[in-house]
Amino acid sequence: MPVFFLPEKEVVFPPPNLARADGLLAIGGDLRPDRLLAAYRRGIFPWYMEGEPILWWSPDPRLVLYPEALHVPRRLGRLIRQGRYLVTVDVDFPAVIRACAVTHLSHDKGTWILPEMVDAYIALHEVGYAHSVEVWKDGRLVGGLYGVSLGTAFFGESMFTRVRDASKVGLVRLVKTLWKNGFTLVDCQVTTNHMIRFGARELPRERFLSELRLALSAPTLEGRWTLDAQTAALSGLSSIRSAAKKATHGG
């Protein structure tokens with residue numbers, strides 16, 4: 001299959017089933033919100049490294065997690081019930097995406113979450129389509145993840161953790177919240193053993209696109225999200241930070 005070159009001004013994409021065997025579909029374009037949303041609606045996402053042009057992908061098979069099929073390992077379930085972490089949504093999207101970029105840079109000696117990608121997804125967050133999950137411990141951000149929401153589909157992008165299992169706690173809380181709010185699928189993009197352990201499964205691209213079309217027929221939950229009791233939790237977080245600041249400065 002050929003690789004398509006996208007025009008800079010017109011927001012168009014070729015059909016996803018024309019992607020190469022490795023999933024690469026198109027090159028070029030830009031990362032403005034309307035193009036990103038058009039891509040996600042077609043089951044396409046950007047992924048490229050520093051020094052490369054913008055590359056657009058639609059892999060086959062596609063890894064999907066159905067919220068109702070979430071598997072929580074026993075040890076992780078015990079940790080969540082212990083309540084060691086505070087989980088919030090859309091409290092600090094910029095901090096989460098930048099932490100994801102740093103994590104991949106240090107682990108992989110490179111990252112696709114380049115400065116222009118950070119700016120693009122922050123812009124998508126500001127218009128109400130990209131969301132972050134923050135995991136806190138003792139007033140410090142220790143894990144999180146971010147993604148894009150359209151209809152009843154959530155497109156997971158990346159996660160990070162600074163202490164063991166923090167990002168997993170955030171993932172479980174997010175998926176349970178999505179299920180509670182009628183979401184039908186979480187797009188994990190490409191196959192990883194990590195997500196398979198949580199119950200994700202591979203779908204042929206055509207089936208994924210069919211289920212995505214159905215998900216997109218529902219209204220999108222736009223704007224800033226919150227979790228149950230998040231306001232009270234944030235009040236507690238503010239108190240923790242205030243106490244830590246006073247202790248640091250001897251106040």
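The values are calculated or read from the model by the stated rules, or taken from the named source; none is laboratory data. Computed from a prediction, not measured in an experiment: that's the story for all the values here. Cβ atoms come from the backbone with ideal geometry, glycine included; neighbour counts cover every protein chain shown. Just so you know, the surface numbers come from the protein's heavy atoms only, side chains and all, with ligands and any DNA or RNA stripped out. Shrake-Rupley method; radii C 1.70, N 1.55, O 1.52, S 1.80 Å.
For this structure, a couple of remarks:
- C-alpha center-to-center spacing [the stretch 1-68, the stretch 162-226] in angstrom: 19 Å
- Scaling against 2.2 N^0.38 Å puts the C-alpha radius of gyration of the chain at 1.04.
- Solvent-accessible area per residue for the chain (1.4 angstrom probe, square angstrom): 49 Å²
- Orientation-averaged projected area, Cα convex hull of the stretch 1-62 (nm²): 4.1 nm²
- Dipole moment magnitude, nearest 20 debye, the chain about Cα centre, only Lys, Arg, Asp, Glu C-beta charged: 1320 debye
- Taking amide H atoms as placed 1.01 Å from N in the peptide plane, the amide H of Leu203 lies under 5 Å from those of Arg62, Leu63, Val64, each 5 or more residues away in sequence or on another chain.
- With R₀ set to 30 Å, the beta-carbon distance separating Glu10 from Arg224 gives a calculated FRET efficiency near 0.45.
- Rounded to whole Å, sorted largest first: equivalent-ellipsoid semi-axes of the stretch 3-109, Cα gyration tensor: 33, 18, 15
- Only helical runs count toward this figure. For the chain, summing -39,500 (n - 2.57) over DSSP H runs of n ≥ 4 and dividing by all residues gives -12000 deg cm²/dmol at 222 nm.
- As a rough guide to protection, the peptides 179-190, 142-153, 72-83 ranked by mean Cβ packing within 10 Å, highest first, stand as 142-153, 179-190, 72-83.
- Summed side-chain charge close to Ile122 - residues other than Ile122 whose Cβ falls under 14 Å, Lys, Arg +1, Asp, Glu -1: -3
- Antiparallel DSSP beta bridges within the chain, percent to nearest 5: 85 percent
- DSSP beta bridges in the stretch 1-120 [antiparallel fraction, %, rounded to 5]: 60 percent
- Of the solvent-accessible surface of the chain, computed with a 1.4 Å probe and all protein chains present, 55% belongs to carbon and sulfur.
- Förster radius 30 Å - calculated FRET efficiency between Glu116 and Gln82 (Cβ-Cβ, nearest 0.05): 0.15
- Nearest-20 debye value, the stretch 52-189 charge dipole, Cβ charges on Lys, Arg, Asp, Glu: 1040 debye
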